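Asks: Here it is: the structure, laid out below.
The values are calculated or read from the model by the stated rules, or taken from the named source; none is laboratory data. Just so we're clear, the structure is a prediction, and the values are computed from it rather than from any experiment. Here the Cβ is made from the backbone with ideal geometry for all residues, glycine too, and neighbour counts use every protein chain on show.
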Amino acid sequence: MITSLAAAAAIALPGCDSKCGGVDVPYPFGTRDGCHRPGFEVTCDQTHQPPKLFLGSGAGGPEVLDLSLRNSTVRVRSAVWSFAAGGAGTTTAAATIDVLPGNNLTHYVLSAARSGVALVGCGFHATVARRGGNAAAAFSSCAPSCPGAKRRELRHGPCDGAGCCVVPILASTVTSSFDVKFSWLEKNATDRPAWVVPGASVFVVETEWWHDRDNVVPVKLSLLNSGNATGFVIPAVLDWTLNKSSCAAAKRMADDFGCVSKNSECINSTSSAYGYVCRCNDGYNGNPYVLDGCQGSRRMHIAAGIKLNVYTGVFFAMGVGIGMFVLLMVLAAIFATKRLKVHKARKMREKFFKRNRGLLLRQLVDKDIAEKMIFSLEELEKATNKFDEARILGGGGHGTVYKGILSNQRVVAIKMSRFIVQRETDEFINEVAILSQINHRNVVKLFGCCLETEVPLLVYEFIPNGTLYAHLHVDNPQKPLPWKDRLRMAFEVASSLTYLHAAASTSVVHRDIKTSNILLDDRLTAKVSDFGASRGIAIDQSGVTTGIQGTFGYMDSEYYYTRRLTEKSDVYSYGVMLVELLTRKKPTVYISPDGVGLVAHFVTLLSQGKLSEILDEQVIEEGEEEGKQVAEIAAMCLKMQGEDRPTMRNLEMRLQGLQGLDINFSAVEEDQPPKLFLGDGATEVTDISISTGTVRIRSAYVNITGLVLPSGDTVAAGGLANRTVWTAGLRSGGPFFLAEEMNKLVVVACNVQVLLLGSGDDIVSACSALCPELITGGDNGTSPAHRYLYYNGGCSGVGCCQATVPLGYTSYPVEARKLDSTAAIRTNIFYVAERGVNFTIDTAMAEDSPPATLPAVLDWVIAGANSTCPADAPAPECRSSQSFCQDSTAEGHRGYICRCKDGYDGNPYITDGCLDINECLLPEIHLCYGGCKNTLGAYQCHCPEGFTGNASVLNGCKEVPLLVYEFISNGSLSRHLHTKGPSKLSWDDRLRIALEVARALAYLHSAASIPIFHRDIKSSNILLDDSFNAKVSDFGASRYISLNRTEVTVSIQGTMGYVDPTYYYTGKLTDKSDVFSFGVLLIELLTRKKPSVFTCNDGSLVAQFHLLLMEGNLVQIIDPQITEEDGRVHEVAELAARCTRLKRQERPTIRQVEMELESMQAHHTEARKFNQHHIVGQCVTTGTGFFREETSRQFSMEEEILLSARYPR
């Protein structure tokens, strides 16, 4: 209550409205006189439901969506300005965009940090300038293009050049209005798709909101299609200050100073609005603009409330009497003792946390990630049964590993450092810092750590198949790893090391690569582990001098002698591992007859051409030629000088080629490190992805200075210049093409528009780089104003522009157009670069030369540009059995690629290259919130034991309620029927039990208020009480059915051998389905044979029973305890046969069955006569795919409780 009152007092002045509709209205804002500071009036329009808030007096200002005191911002609803298209080659007059019409809103300006200007349309070049300025005063520009009517990028993409562009707002240039001018391109009419209306739309938008594709797409489509966005609420952000003075000046005007609350402070605004604002001090929240508006935190109020309650309790205890007081004191003493113990334990945990470098850990990894990674000691003790020795999996050079099971049933490996020394602690922190930043399928995943113990603990994913060392050096020579598995593991380790060296955020050298540090999961996929000795190396460094760590036999000799650690140190260790895979000899202990180690002996034999003397016999038998090639690769890795060794990227590509992938690449070994090129070496390759079918290359810039006409030329602005062609060395027709929608056009120039053209000279992409008059003087880009524009504008039209390239070709004609005749800066270039590259003008403008290349992404196809997937046969290149062929969907080229099927990952171009993904070990892939079971190509979610529901949704598993039944003492009918020796149940007992079951079913079918089909009648669901009276049980599969219906279509449930075959084949459940199951039960009573397991040459128990009854040879199957002379036996057999007929309409109702059984029991000696129907002897079979031995439930427990309570058993 204290907190709520304080919060209410902190919003508005007394007697003033603090809310309008769903928007809070804190002071200095207010809706009427006396409730706001001058210039902060807002209007609450009650004519809307709910009411709406507007800036200023009346409803002339923009609608307010949110008022923030903490950020000093107002979030308003932005208006959209639409403009008709002009003629081709014309330029329209400047139009003014005023977000805050009127002169009484001087406290507000557009937020440069939180808002931008969006332009939607195509076929124009737009410039944005200061209001009232000339053309040269423009500060931003963009030129969106519309590349084809069916392009996904135009219809569904973000606002980055295709039908839409956004430019920044410069704080020093704009207050609340600006001018926009449009130049309409010659190809506006021909390039614009038919469904796109001509014209342009302009609006100011909140940048964070506009970055969300779900917000961009509907607004963009509506404006392109109709030029209207009336139904959308588009937010924009305004900055505000109390007045246009600094804190020092404002404090001198004490009467008007706005920071009136205690515990508040004045801050000079750093936003787009000049002036000062107020903030509550640290530890306080509320409104600094009202008296006592800054209140203590919620924790302080809670503590005060607790203290008040304690005092109240003490006074009450004293009033009750001295006895109660003593009791409370005793309880307090007990409580204090426990709290003391808890406090002591907490202090010890804090001590260990600090000693184990907890604070350092928080510095090394992201704070949010660190919080999620920290496990409590209690949880890990429970997971390992208090670190039971029986849970030890093994130990490496840096600790002991335990197997643990977390509370969410995830199996993990928990690593404990061996020694309590500073070096081990440093290695522990080092391993956490490195692994927290690594995400690769062939690197063991770190889930978190515990810092509360004397010995640090790490929590990893559990890898079930142990180490590569254990599989390679088995005692049984009949069970070594096949050569193809060794080759695949070598490639997987190379892939992970390539990622660590080049693709991770910081280059990581493992420093202890060996087979005992390579773990194998349940699919024998290799996982690199044990990063205790690893070191991160800055990107701008080639190595680092450090202490010696690693394992003798694997350690780089150059590193050992020089202490200089580089990526090539891992290459050497990897080469030793290749030798170990080839020879199955241990590098740490092997001594040749000549007294040299494994590496020296291997290299000597290879140079002498005697490699077969040391190769493993299995390698010679299964892949001798591949083995020789791998041996040559290993020898390259083992060269004495690191600079002579290949990079891991080069090794990865070589091993990939050995596995069957045939792509035209070339390697230049003269480069150090060697470089990979496309085809004949024109384009350098930096990465190849099999899973996405892409290649990343280095794309060089193209100089267009000679294409743009110089200043003072007589050609008018907008005139066409010469052309060039962008190709990046790609061969016409493929197999490599620029990847669709994954690249962008980047232009670094001044007052130039660049057009990227496609087939038929259609515009594929375009952007314009503008240079305002502010920087076209003689400063050559060195003035503060110049640098402010460039540093804060990024690459959004000021000296630099960028736009998506949505179509993929091998080459693009390029045109450069002049925008005006002002002087150009020294750089006029463009790139085609990867879309995700964060390129700014800073480097290109401030240095003597721009970056020579930027990364770009190519698509590739396997079988040529005009090939498609075979219609009636697998594609020959898709060699893996778990792969499929996929035609390229790119509009710019044709062909096909191979992909692994869902649930598989790997290389589809090699035999057995696509391996099953164990989704259950990858929480980022599977969607299970309970247990997870991996299956081939898929996974299944299930709830933990004791829970039921949908484990695929959050909180979908609900605890199973316990049902309380009457106790049935004699167990099930099945137990009494299927005993060894004679059954205790006589024929009369069995007939009576059958009648009681029939009565129960007849009640359920017709006498109950809502008909119920049991769906699982069988002997194990018939319980017998102490008088052997039958009780029908287990309604878990039962279904209600309305009175006006006779059947319902449902999923198949029941028990094999009892299920109605018509229901099984059609899914239609009727009362006759229970009749069939009851007929099977009668046969079981007659024969004492189990329907679910009975087999014979003639089929199931039911089929055999029908055949023998038709032949008059029933004695062969009837229970010997039953005498066939009893006339009721034959009557019951005929009744059972009618109940189990295939056609439902020929079966009796359960009420008819009940009456016939009653008649049999009443007239023991009178035989009943029935019409005999010819029964075709055939087997009635049921599949096992939908069933289990016992029933599978469908009813909820609540429904079963309802059934148990409403209907007698």
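Asks: Would a scan of segment 57-66 turn up a residue that is surrounded by fewer than 14 Cβ atoms within 10 Å (Cβ to Cβ) and on the phi > 0 side of the Ramachandran plot?
Replies: Checked segment 57-66: at least one residue is surrounded by fewer than 14 Cβ atoms within 10 Å (Cβ to Cβ) and on the phi > 0 side of the Ramachandran plot.
Asks: When you go through (1) surrounded by fewer than 18 Cβ atoms within 10 Å (Cβ to Cβ); (2) assigned to a loop (DSSP other than H, G, I, E, B); (3) modelled with pLDDT of 85 or more one by one for Asp848, which number turns out not to apply?
Replies: The failed condition is (3).
Asks: Please state which of the following conditions Leu1069 fails to meet, knowing it meets all the rest: (1) over 30 Å from Val1115 (Cα atoms); (2) surrounded by fewer than 21 Cβ atoms within 10 Å (Cβ to Cβ).
Replies: (2)
Asks: What tally of residues in segment 22-71 results from selecting those that are polar (S, T, N, Q) and in a strand (DSSP E or B)?
Replies: 2
Asks: Further, regarding this structure: Between Ser1051, Ser1006, Ser974, which is part of a loop (DSSP other than H, G, I, E, B) and either of a type in the set (S, T, N, Q) or without any contact (Cβ under 8 Å) to a residue 12 or more places away in the chain (or both)?
Replies: After ruling out the rest, the residue left standing is Ser1051.
Asks: Name the residue that is farthest from the chain's Cα centre (by Cα), counting only residues in segment 199-208 that are surrounded by 17 or more Cβ atoms within 10 Å (Cβ to Cβ) and not β-branched (Val, Ile, Thr).
Replies: Across segment 199-208, the extreme among qualifying residues is Gly199.
Asks: With the condition kept exactly as written, say whether any residue in segment 597-609 is under 17 Å from Thr515 (Cα atoms), assigned by TED's automatic domain parsing to the domain that holds His510 and at pLDDT 90 or above.
Replies: Yes, that holds for at least one residue.
Asks: Out of everything in segment 560-575 that is assigned to a helix (DSSP H, G or I) and without any contact (Cβ under 8 Å) to a residue 40 or more places away in the chain, what residue ends up being surrounded by the fewest Cβ atoms within 10 Å (Cβ to Cβ)?
Replies: Tyr561
Asks: Could you tell me whether segment 655-665 includes any residue that is modelled with pLDDT of 85 or more, under 37 Å from the mean Cα position of the chain (by Cα) and not in a loop (DSSP other than H, G, I, E, B)?
Replies: Yes, the conditions are met somewhere in segment 655-665.
Asks: Using the structure shown, decide if Pro14 is modelled with pLDDT under 90, farther than 19 Å from Thr106 by Cα and in a loop (DSSP other than H, G, I, E, B).
Replies: For Pro14, the condition - modelled with pLDDT under 90, farther than 19 Å from Thr106 by Cα and in a loop (DSSP other than H, G, I, E, B) - is met.
Each row is one residue, and each column tells you yes or no for (1) out of contact with any Pro (no Cβ under 8 Å at 6 or more places or on another chain); (2) over 26 Å from Val1132 (Cα atoms); (3) not in a loop (DSSP other than H, G, I, E, B).
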position	(1), (2), (3)
Ile1017	yes, no, no
Phe1028	yes, no, no
Ala1037	yes, yes, no
Leu1043	no, yes, no
Thr1062	yes, no, yes
Val1075	no, no, yes
Val1080	no, no, yes
Leu1085	yes, no, yes
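Asks: Ok, one more. Check Val544, Val508 and return the single one that is modelled with pLDDT under 90, assigned to a strand (DSSP E or B) and more than 30 Å from the chain's Cα centre (by Cα).
Replies: Val544
Asks: Residue by residue through segment 163-175, note down the ones that are at pLDDT below 80 and either closer than 15 Å to Cys801 by Cα or small (Gly, Ala, Ser) (or both).
Replies: Within segment 163-175, Ala171, Ser172 qualify.
Asks: Counting just the residues of segment 447-463 that are in contact with a Phe, Trp or Tyr (Cβ under 6 Å, 6 or more places away or on another chain), part of a strand (DSSP E or B) and of a type outside the set (A, V, I, L, M), which one comes out farthest from Val528 (Cα to Cα)?
Replies: Within segment 447-463, the match that is farthest from Val528 (Cα to Cα) is Cys450.
Asks: Kindly check whether there is at least one residue in segment 1043-1064 that is assigned by TED's automatic domain parsing to the domain that holds Pro1148, surrounded by 23 or more Cβ atoms within 10 Å (Cβ to Cβ) and more than 53 Å from the chain's Cα centre (by Cα).
Replies: no
Asks: Could you count how many residues in segment 511-538 are of a type in the set (S, T, N, Q) and either surrounded by fewer than 21 Cβ atoms within 10 Å (Cβ to Cβ) or not in a helix (DSSP H, G or I) (or both)?
Replies: Adding up the residues that qualify gives 3.
Asks: Mind checking which pairs have a first residue in segment 85-101 that is more than 30 Å from Gly39 (Cα to Cα) and a second that is among the polar types (S, T, N, Q) and part of a loop (DSSP other than H, G, I, E, B), Cβ under 7 Å, 6 or more apart or different chains?
Replies: That search, which allows pairs on different chains as well, returns Gly86/Thr92.
Asks: With the requirement that a residue be among the hydrophobic types (A, V, I, L, M, F, W, C) and either in the same structural domain as Ala413 (by TED's automatic domain parsing) or surrounded by 22 or more Cβ atoms within 10 Å (Cβ to Cβ) (or both), what does segment 492-510 give you?
Replies: Across segment 492-510, the qualifying residues are Val493, Ala494, Leu497, Leu500, Val508, Val509.
Asks: What residue, among those in segment 1129-1144 that are in a helix (DSSP H, G or I) and touching a residue at least 60 places away in the same chain (Cβ under 8 Å), is surrounded by the most Cβ atoms within 10 Å (Cβ to Cβ)?
Replies: Of everything passing the filter in segment 1129-1144, Cys1139 is surrounded by the most Cβ atoms within 10 Å (Cβ to Cβ).
Results for (1) small (Gly, Ala, Ser); (2) touching a helix residue (DSSP H, G or I) at 6+ places or on another chain (Cβ under 9 Å); (3) at pLDDT 90 or above, shown as yes or no for each residue.
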{"site": "Asp214", "(1), (2), (3)": "no, no, no"}
{"site": "Ala273", "(1), (2), (3)": "yes, no, no"}
{"site": "Tyr276", "(1), (2), (3)": "no, yes, yes"}
{"site": "Arg279", "(1), (2), (3)": "no, no, yes"}
{"site": "Asn287", "(1), (2), (3)": "no, yes, yes"}
{"site": "Asp292", "(1), (2), (3)": "no, yes, no"}
{"site": "Ala304", "(1), (2), (3)": "yes, yes, no"}
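Asks: Being of a type in the set (A, V, I, L, M), outside any loop (DSSP other than H, G, I, E, B), more than 30 Å from the chain's Cα centre (by Cα) and on the phi < 0 side of the Ramachandran plot narrows it down to one residue among Ala494, Ala470; which is it?
Replies: Unique residue meeting the criteria: Ala470.
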